[in-house]
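The values are calculated or read from the model by the stated rules, or taken from the named source; none is laboratory data. Note that the structure is a prediction, hence the values are computed from the model and not measured. Cβ coordinates were reconstructed from backbone atoms using ideal geometry, including for glycine residues, and neighbour counts include every protein chain displayed.
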Amino acid sequence: MTVRDLVLMNSFEFSEKNNNYDIDECTRPKEYLCYGICINYPGTFGCNCPNGNYGNSFTNGGCRSVKDSHIDIG
């Protein structure tokens, strides 16, 4: 079993009507942490820092403002 298989197993729930269905991880913030903008995908989810921010949106305080940084964005 691969890591992808484990992620997919944890991102679907069984339903007798549909055999399985996608869990919307974004509606379960205590189980699936996202400190940015949560996006649900079939079998998984994404978490992005808001526009004008960068960093790790999966950690509290991980998104930082581009204005407050010394990063040259071109």
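Could you run through segment 22-40 and say how many residues are closer than 17 Å to Pro50 by Cα and among the β-branched types (Val, Ile, Thr)? Counting residues in segment 22-40 that are closer than 17 Å to Pro50 by Cα and among the β-branched types (Val, Ile, Thr) gives 2. Being modelled with pLDDT of 90 or more and hydrophobic (A, V, I, L, M, F, W, C) is the filter here, so list the residues in segment 33-74 that pass it. Residues satisfying the conditions are Leu33, Cys34, Ile37, Cys38, Ile39, Phe45, Cys47, Cys49, Phe58, Cys63. A residue that is in contact with a helix residue (DSSP H, G or I) (Cβ under 7 Å, 6 or more places away or on another chain), modelled with pLDDT of 70 or more and surrounded by 16 or more Cβ atoms within 10 Å (Cβ to Cβ) occurs somewhere in segment 18-32.
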